[in-house]
Amino acid sequence: QLQLVESGGGLVQPGGSLRLSCAASGFTLDSIGWFRQAPGKEREGVSCISSNGGRTNYADSVKGRFTISRDNAKNTVYLQMNSLKPEDTAVYYCAAGTKSFIARLCGLSAAGFGSWGQGTQVTVSS
């Protein structure tokens, strides 16, 4: 039983920055992934971080602009988003990895994750 809550979304101009937080109930060694979904589009994997923070992955569309990190003492995972673009506009979700091959490798497929949060809206617009 794991509960995740996202926060930190908002409205930002192109080129701006936001930091999203994913707070987890209890203590977990799960990998954590960030996903996003824009209206009318499929859910897209954005980033993932392993249980100890040693492995991270990023979608090509955000590589070099987004940074994922975690503080296990605070049961929180962060997604620092810089140089934001209008195409980054979406609802952002965090999710805990299951005991799967995808989760162990910190892949970006939604099939490897469960215990989804309810999402936080990110809007990038002038």
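The values are calculated or read from the model by the stated rules, or taken from the named source; none is laboratory data. As the structure is a prediction and not an experimental result, all values here were calculated from the model. Here Cβ is always computed from backbone atoms with ideal geometry, including for glycine, and neighbour counts include all displayed protein chains. We work out accessible area using only protein heavy atoms, side chains counted, and drop any ligands, DNA or RNA first. Shrake-Rupley method; radii C 1.70, N 1.55, O 1.52, S 1.80 Å.
Points worth noting:
- Size descriptor, Kirkwood hydrodynamic radius, that averages inverse alpha-carbon separations across the chain, Å: 14.2
- Using Cβ point charges alone (K and R +1, D and E -1), the dipole size of the chain about the Cα centre works out to roughly 200 debye.
- Estimated vicinal HN-Hα couplings, Hz - the stretch 85-96 in sequence order (Karplus 6.51, -1.76, 1.60; Gly, Pro = x): 10, x, 6, 7, 4, 4, 8, 9, 10, 10, 8, 8
- Taking all protein chains together, ASP71, ASP88 sort by accessible area into ASP71, ASP88, largest first [probe 1.4 Å].
- Build a GNM of the chain with springs between Cα atoms under 10 Å apart, and of VAL46, VAL77, VAL62 the one that fluctuates most is VAL62.
- Scattering profile of the stretch 1-75 at q = 0.13, 0.14, 0.15, 0.24 Å⁻¹ [log10 I(q)/I(0), Debye over alpha-carbon scatterers]: -0.44, -0.51, -0.58, -1.34
- Expressed as a whole percent, the accessible surface of the stretch 19-126 that belongs to carbon and sulfur atoms is 49, based on a 1.4 Å probe.
- Ordered from highest to lowest accessible area with the whole protein assembly present and a 1.4 Å probe, GLU44, GLU87 read as GLU87, GLU44.
- Computed about its Cα centre, the charge dipole of the stretch 1-73 is approximately 160 debye, with only Lys, Arg, Asp and Glu carrying charge at their Cβ.
- Length-normalised contact order of the chain in % [C-alpha pairs under 8 Å, at least 6 apart]: 36
- Based on protein heavy atoms only, the stretch 1-111 ends up with 52 Å² per residue of surface accessible to a 1.4 Å probe.
- Net charge over other residues, Cβ less than 10 angstrom from the Cβ of ARG65 (K, R count +1; D, E count -1): +1
- Normalised contact order of the stretch 1-74, rounded percent, pairs of Cα under 8 Å and 6 or more residues apart: 21
- When the chain is described by a simple charge dipole with +1 on each Lys and Arg Cβ and -1 on each Asp and Glu Cβ, the residue from GLN1, GLY97, ALA73 located farthest towards its positive end is ALA73.
- Choice from SER21, SER109, SER31 with maximal GNM fluctuation in the chain (Cα, 10 Å cutoff): SER109
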